[in-house]
Amino acid sequence: MKTISKLSKFIPYLYFLSIITYWFTDIKKSDGISAYPILLFGIPFLWQLIKPSQKLNFSLGIIFVCLSSYLILAYLSDLFDIVNWTESSKRFLLYGGLLVIGNFVMSLWMVRNSIKEEF
């Protein structure tokens, strides 16, 4: 049980790294070499896995909570703007909703981990 709780603090970083990797591979298929700057977004998360920093952890958590809150507002705006409920729009709502909720939960988890380490 101790190893699970010890390793659970790395889950948000692995989540965001997997999202960045998927984003990179998806853009690389269509745009080619212009996708490589996307990999720069993964540097802070890799750094947290290699050499954890409480300040960087808290900063990343707060930044991504703010970005996720914006994503939630944008998602709800799209949700209420859809007039024709086609199969592709339902798929967009499902995958988009899972991504938005996942980002928000992982961001809160990072903030929680940094607060928990502080006390």
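Work out, step by step, the length gained on full extension between LEU40 and VAL105: first 0.36 nm times the residue separation, then minus their alpha carbon distance; give nm to one decimal. Please report the intermediate quantities before stating the final value.
Numbers: separation 65, 0.36 × 65 = 23.40 nm, distance 2.27 nm.
My answer for the length gained is 21.1 nm.
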Whole-Hz couplings from phi, Karplus 6.51/-1.76/1.60, listed for the stretch 8-16; x for Gly and Pro: 5, 6, 8, 4, x, 5, 5, 4, 5
LEU94 accessible area, assembled protein chains, probe 1.4 Å, Å²: 100 Å²
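Determine, from the Cβ-Cβ distance of SER59 and TYR95 and an R0 of 30 Å, the FRET efficiency 1/(1 + (r/R0)^6), rounded to the nearest 0.05. Mind showing how you got there, number by number?
Values: r = 28 Å, r/R0 = 0.94.
The pair SER59/TYR95 has a calculated efficiency of 0.60.
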Lysine pairs in the chain with Cα atoms under 23 Å, if 8 or more residues apart or on separate chains: 10
Gyration tensor (alpha-carbon) shape descriptor, the stretch 10-119, a/c threshold 1.5: oblate
Fraction of accessible area attributable to carbon and sulfur, the chain (%, probe 1.4 Å): 72 percent
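When only Cα pairs under 8 Å and 6 or more residues apart are kept, what is the percent relative contact order across the chain? Display every interim value, and only then the final one.
Numbers: 78 pairs, mean separation 40.2, N = 119.
Once normalised by length, the contact order is 34 percent.
Hey, what's the chain come to in accessible area per residue, 1.4 Å probe, Å²?
Numbers: 8550 Å² over 119 residues.
Counting only protein heavy atoms, the per-residue value for the chain is 72 Å².
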Rounded accessible area of SER69 (nearest 10 Å², 1.4 Å probe): 50 Å²
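The values are calculated or read from the model by the stated rules, or taken from the named source; none is laboratory data. This one's a predicted model, so the numbers in the text were calculated from it and none came from an experiment. Quick reminder, even Gly has a Cβ in these numbers, built from the backbone with ideal geometry, and neighbours come from all protein chains shown. Each accessible area value is taken on the protein alone, full model and side chains, heavy atoms only, with ligands, DNA and RNA left out. Shrake-Rupley method; radii C 1.70, N 1.55, O 1.52, S 1.80 Å.
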